[in-house]
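The values are calculated or read from the model by the stated rules, or taken from the named source; none is laboratory data. All figures in this text were calculated on a predicted structure; none of them were measured in a lab. When we count neighbours, we look across all protein chains shown, and the Cβ atoms used for this are built from the backbone with ideal geometry, even at glycine. When the accessible area is computed, the model is the full protein with side chains, heavy atoms only, and any ligands, DNA or RNA have been set aside. Shrake-Rupley method; radii C 1.70, N 1.55, O 1.52, S 1.80 Å.
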Amino acid sequence: MSESTQAQDRTFPPPEQLAAGANVGPDVYAEADRDRLAFWEQAARRLSWEREWDQALDWSKPPFAKWFVGGRLNVAYNCVDRHVEAGHGDQVAYHWEGEPGDQRTITYAQLKDEVCRAANALLELGVQVGDRVAIYLPMLPETVIAMLACARIGAVHMVVFGGFSADALASRLDDAGAVLVITADGGYRRGAPSALKPAVDDAVSRSGNVRNVVVVKRTEQDVEWTEGRDLWWDDVVGRQSTEHTAEAFDAEHPLYIMYTSGTTAKPKGILHTSGGYLTQVAYTHWAVFDLKPDTDVFWTAADVGWVTGHSYIVYGPLANRATSVMYEGTPETPHRGRWWDIVDRYGVTILYTAPTVIRTFMKWGEDVPAKADLSSLRVLGSVGEPINPEAWLWYHEHIGHGRCPIVDTWWQTETGAHMITPLPGVSTLVPGSAQTPFPGISAKVVDDEGNELADDSTGLLVLTEPWPSMLRTIWGDDDRYVDTYWSRFGPSTYFAGDGAKKDADGNIWLLGRVDDVMNVSGHRISTTEVESSLVAHPTVAEAAVVGASDPTTGQGIVAFVILRGDAAEKYGAEGAGGELVQTLRNHVARDIGPIAKPRQIMVVQELPKTRSGKIMRRLLRDVAENRELGDVTTLTDSSVMSLIKDKLPSSPSED
Ligand code: WTA
């Protein structure tokens, strides 16, 4: 039996103490089943509403949903002011740490003052209710302050990830019709300042609507300055009053647009609104992480420019009065133990990150985290892609020391909040599976015709009931919204685009995007499955698998692997002239079956990844099929691709 099969056979019941004191117990599922809408209404009552809703859900025109119809609230008031009014002004909202090691502590009272100042500044600059404000910033406290200031005055923010190019920024500014950009001179990455303002200057020069650019000073780099248009944050925000009365907005008032890097050229602006979104991010954050606001220190180690940052660095934690950690930089700066020092320093109790990072830590070796005191941790989370059982077990053992449940949370930019996940005080965990729909969520695995499949079969994941934090549309393109998500199985079934398997116990296993499912000689093989098998081999740290077109089999499996440190030393960076490659091919064939034996395996140093940590399989497919590379602008490091191309063997290692 392979290591990965063994891993899948292990299960982990909730720690007794955690279960005894958990925010939600096992009854929550039955309660939500009894009356789904009443369940979400109860979750909405955890927030403060200026006016309660008349109707929980209006689904009379699917797929266009309205939640908490007639209700009015202010999202920023819910995230900040109400905690200060309740006497928690001195509680830390964020322990912020810059990559060079500088630290800032921001209490809820300070956050309130800063958000009010920024809101007043936006008003002075003529930003009106419903206007779009672009935020192109590194991970700074000002990023959160800017988001909340927009929410406070009813402007719609669109955070564009700081790693995106001027082109990507320009197309987003244009698509949304942004009137203002908030940026910085630069930010720190990998020990060096990297400039942001030049990309903004370039993008804004091509975009007609932007009137002002507000610049946060971070790196003190020289910046070009356009008089009349550009303003320093410190000047324009610094001179404002800390008094601002938040006005309530309709529950369906737009809160933000988040662009997803799709496979087509035009980005999709996913639109989220106020009441339903805040209800579900707050409730899931509280239930899934078992968040205790008085004692926990919560850390989502992700970028705020990703939906995970919006929902679980900003809105969920703040709505729940959490104390959070926010870290600006990369995990290996100045050394590979940086994260564990942070956990140690702030006493982090809940850590939420992505499998790709966990596999990187595996590659660096367990002696790195072993040097730090991680005893404060009590719950761990994973998001972004399926977590291989090996990575799950490593995370559980070397970070959680066998003590901490891992919540593997499946969700999307489009869903806004967690949808399929175990609950730490309730679920017996199955490594590698996201397990069960969150209470009040209805997820099914169906065949190509939309028929629900029996347990122990593989198909497509769909969501069959609307949920509070669902996207409301694609900005400016209702037709594309309907086409992309609601046309395949009719207007009230959401097609998630993910393959999924339900096992005999009813646990849901996510198999990656449907376009990542390979078809080899008529057999459906998930890229994830082959990757998991490769990563289970002791020499492999990370693997990416693509299906390359093949004249005989339809698709052939091509794998890119990064070796673990000791294996790289033993076999050399190229895998000892093919000997290791053969071993790995045979290993997969043994593990999954001969049909899954990779046609070709390339040993590489790096894999091309987006800023949200997703492997860009599209580019690897281009390499595997010997094509010109497609768009590389969303990569963290576009030089990775030339490194991989340079190392291409002249002929694939066939049997
Ligand atoms: C994948 C990130 C397996 C999935 C919040 C989904 C996952 C896409 C998981 C959304 C998980 C996310 N297990 N797959 N726990 N979480 N995914 O929009 O393919 O950046 O459709 O949102 O990531 O990615 P997005």
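Computed on the stretch 69-330, the Cα convex hull volume stands at 126 Å³ per residue. Taken about its Cα centre, the chain carries a charge dipole of roughly 160 debye when the Cβ of each Lys and Arg holds +1 and the Cβ of each Asp and Glu holds -1. Applying the Karplus relation 6.51 cos²θ - 1.76 cosθ + 1.60 with θ = phi - 60° to the stretch 206-213 yields 3J(HN,Hα) values of 9, 10, x, 8, 6, 8, 9, 10 Hz, where x marks Gly and Pro. Here, P(r) means the percent of Cα pairs in each 20 Å bin from 0 to the largest distance; for the chain it is 19, 55, 25, 1. Each helix, a run of at least 4 DSSP H residues, gives -39500 (n - 2.57); summed and divided by the residues of the chain, these come to -8000 deg cm²/dmol at 222 nm.
In this structure the stretch 339-458 gives 28 Å² per residue of accessible area when probed at 1.4 Å with all protein chains present.
Taking each of Lys197/Lys268; Lys112/Lys371; Lys444/Lys614; Lys61/Lys501 in turn, the alpha-carbon distance tops 28 angstrom for Lys112/Lys371; Lys61/Lys501.
By accessible area, using a 1.4 Å probe on protein heavy atoms only, the chain has 46% of its surface on carbon and sulfur. Once backbone amide H atoms are built at 1.01 Å from N, Met518 has Ile525, Ser526, Thr527 as its partners under 5 Å, excluding neighbours fewer than 5 places away on the same chain. If you sort Lys268, Lys217 by accessible surface, 1.4 Å probe, largest first, the order is Lys217, Lys268. Rolled with a 1.4 Å probe across the full set of protein chains, the surface gives Thr413 an accessible area near 20 Å².
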